[in-house]
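Have a look at the structure below before the remarks.
The values are calculated or read from the model by the stated rules, or taken from the named source; none is laboratory data. If you're wondering where the values come from, they're calculated on a predicted model, not measured in any experiment. With ideal geometry, Cβ positions are generated from the backbone for all residues, glycine too; neighbour counts draw on all protein chains shown.
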Amino acid sequence: MSSKPEILVITEIPQPMIDVLEQHFVVHKYWLQDPQSFLREHAHSIRGALTRAAKGIKKDLIEQLPALEVISGFGVGVDATDLDTCRRLNIKVSNTPRVLNECVADTGLALMLAVTRKICAADSFARSGAWESAQFEGAWKMTGKRCGIVGMGNIGHEVANRAAAFNMPIHYFSPNEAQNAAWTHHTSLIELAKAVDFLVLTLPGGAETHHIINREVLEALGPDGILVNIARGTVVDTDALIAVLQEGKLRGAGLDVFEKEPHIPAALMELKNVVLLPHIASNTAETRQAMADLTIDNLVQYFSEGKLITPVV
C-alpha cells in the first residue's frame, strides 16, 4: 500500500503537472470519474485536493471528503471555493497570488488599447482586402485619458503603473488607500465612474462584489467611457452592460471574463465596440508555469511541513 498522500484533482490540468504530482502523491483525476461511484470507494482516503481557481470546490463535495485537509487552487481567485465550509471543517486553502499579476495587468492594458484603437476591427479590415478600396474608420487616443481602477490590490497596482506610462491620471476605488499620493482615492464607485474615461476591474469575485458594476455605475461612466474586466464575470451585471452598449451609453468594453463562461451572450458577440477574450489574462507560458509550480509546492510543503506557502484559509 502506498505511503503517499492521496489527492483529488478536480479539473483537468496539464499532463506535466500530473507527472510532478505523481512523484509526491497518489493522484485521482476527478474529471474522468463517475462522481458517486468514485466517492463511495475513495472519499475517506482523500487528504488533499487541487482545482482551477475559477472552478473551485463547492460545499457538497467538500462535505463528502471527510479526510480532506487542504485545497490548493490553481489561480488567484478563491470565490468559487466554499471558504466558510473550509473554515468550519478546518480545511486549509491556498491560491497562487503575485505570480500572475504582471500578465493579467498586461492584458488589461492590451484590452484598453484594443478598444480605443479598434485593433480587432482594423485587423479584420486589413485581412479582408477592404483597405484596397477604402480607408479604415478613425479611432480614439488612449494616452492622457483618466484611468479608474476598481480594486487596488496587487493587480490593480500593476495596471496603475502601466497606465501611468501612458500619462494617464490614476483614480481608484478600494477599501484601503494605496501608498501613492499621486493617485486619487474615491470612496464612492459612482463618483469614480464619473471621474474617469476607463473603468478597469481588478477586484475579487464572490457574493460581496456580485453585480457591483450595475447600470447606475455604467451610466455614470458615460457615453465616452470604456469598461475593462480582467477580474471575474460576476462583478458585472451583464444584462445592464449589454443594454447600455446597445443604447450608446458606453463607448465600448474589453472583457476577458464572463458570468457563465465559457458561454458568452450572443448580444455581446454582435457588438462591434466590444473586444472579447476567452479568459486568457494569465495565459502565458511563463506565468502558467509559475502558477503550476506554486500550486504543487503548496501541497508538497503542507504534507511535508504542515504549512502552506500562500495560505488563504
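Just a few scattered comments:
- Residue in the stretch 121-132 that is modelled with pLDDT of 95 or more, surrounded by fewer than 20 Cβ atoms within 10 Å (Cβ to Cβ), within 29 Å of LYS194 (Cα to Cα) and in contact with a helix residue (DSSP H, G or I) (Cβ under 9 Å, 6 or more places away or on another chain) present: no
- Given (1) within 20 Å of the chain's Cα centre (by Cα); (2) closer than 23 Å to ASP106 by Cβ; (3) of a type in the set (S, T, N, Q), index of the condition THR238 fails: (2)
- The stretch 230-281, residues that are small (Gly, Ala, Ser) and part of a helix (DSSP H, G or I): GLY233, ALA240, ALA243, ALA266, ALA267
Let's see how each residue does on (1) among the acidic types (Asp, Glu); (2) more than 23 Å from GLY252 (Cβ to Cβ); (3) not assigned by TED's automatic domain parsing to the domain that holds MET112:
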site	(1), (2), (3)
PRO265	no, no, no
GLU270	yes, no, no
MET291	no, yes, yes
LEU294	no, yes, yes
LEU299	no, yes, yes
VAL312	no, yes, yes
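Okay, residues lined up against (1) of a type in the set (D, E, K, R); (2) over 23 Å from VAL257 (Cα atoms); (3) surrounded by 17 or more Cβ atoms within 10 Å (Cβ to Cβ):
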residue	(1), (2), (3)
LYS4	yes, yes, no
VAL27	no, yes, yes
LEU32	no, yes, no
GLU41	yes, yes, no
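- Per this entry, PHE136 is counted among residues that are part of a loop (DSSP other than H, G, I, E, B), of a type in the set (Phe, Trp, Tyr) and surrounded by 12 or more Cβ atoms within 10 Å (Cβ to Cβ).
- Considering only residues in the stretch 69-90 that are touching a residue at least 40 places away in the same chain (Cβ under 8 Å) and within 23 Å of GLU41 (Cα to Cα), the one that is surrounded by the most Cβ atoms within 10 Å (Cβ to Cβ) turns out to be SER72.
- Residue among SER128, SER188, SER174, SER133 that alone is polar (S, T, N, Q), without any contact (Cβ under 8 Å) to a residue 40 or more places away in the chain and in contact with a His (Cβ under 8 Å, 6 or more places away or on another chain): SER174
- Members of the stretch 91-110 found to be of a type in the set (Lys, Arg) and in a loop (DSSP other than H, G, I, E, B), listed by number: ARG98
- Contact map, the stretch 258-273: residues that are modelled with pLDDT of 95 or more paired with residues that are among the aromatic types (Phe, Trp, Tyr), Cβ distance under 7 Å, separation 6+ or inter-chain. Pairs shown: ILE264/PHE258.
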